[in-house]
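Since the structure comes first, as structure tokens, the remarks are kept for the end.
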Amino acid sequence: MFHDLQTLLLLIFPVLVIVAGLRDAATYTIPNWISVALAVAFPFAAVALDLPMHVILLQLGVGALALVVGIAMYSVKWIGGGDAKLFAAAALWIGWPSTVLFLGMTGVAGGVLAVTLLGLRSAMVRPFMPAGPGWFARLVEPGQKVPYGMAIAAGALMAFPHAALLDHY
């Protein structure tokens, strides 16, 4: 029974990260409730997994540092505000040292996303793009933003199996 509760609490992370990535792709926004829900759920997961206090504090520190870096990136318009908050909330769950992997995987996923969108938005490929829903048409429209929440979600999902939180599962 208790193991089921731990599993349920751990599933919150991938589900919300996937929702965030999909919402960013479809609307170019990541709702605040997703990052808030991740931040609020973390202590419950940490307690249910009997994480030592020093690990919890380290993870809180990693999340706070990620938020500061995200805000700095937002202030120079490298990423959106939702991206900064999602990155910080994901870093909170992933913790140290796996946040380094998270950062690297997010960068790789962001590069793949950017190259893919450049290709889909190119004059050579656009005529062959099938008609689709409005969100997809916006996504492949030249000059549109890059929904970096998709890359953050991919990086988070790749790094999560290595999270300090799972060492206690």
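The values are calculated or read from the model by the stated rules, or taken from the named source; none is laboratory data. Remember, it's a predicted structure, so these values are computed and weren't measured experimentally. Cβ placement follows ideal geometry from the backbone for every residue including glycine, while neighbour counts extend to all protein chains displayed.
Descriptive notes on the structure:
- For G70, the test of being in contact (Cβ under 8 Å) with a residue 40 or more places away in the chain and more than 18 Å from P43 (Cα to Cα) is failed.
- Options G155, G119, G107, G82: the member that is assigned to a helix (DSSP H, G or I), in contact (Cβ under 8 Å) with a residue 40 or more places away in the chain and loosely packed, with under 13 Cβ neighbours inside 10 Å: G107
- Filter pass, A131 being at negative phi and crowded, with 20+ Cβ neighbours inside 10 Å: no
- Any hit, the stretch 18-40, residues being farther than 23 Å from P147 by Cα and surrounded by 13 or more Cβ atoms within 10 Å (Cβ to Cβ): no
- Matching option when the condition is of a type in the set (A, V, I, L, M, F, W, C) and farther than 13 Å from I152 by Cβ, among L38, L60, L22: L60
- Taken together, the residues in the stretch 66-79 that are surrounded by fewer than 14 Cβ atoms within 10 Å (Cβ to Cβ) and at pLDDT 95 or above amount to 4.
- Residue check for G63: closer than 21 Å to G107 by Cβ and modelled with pLDDT under 95: no
- Total residues in the stretch 1-28 satisfying the condition of being hydroxyl-bearing (S, T, Y) and closer than 11 Å to L86 by Cβ: the figure is 0.
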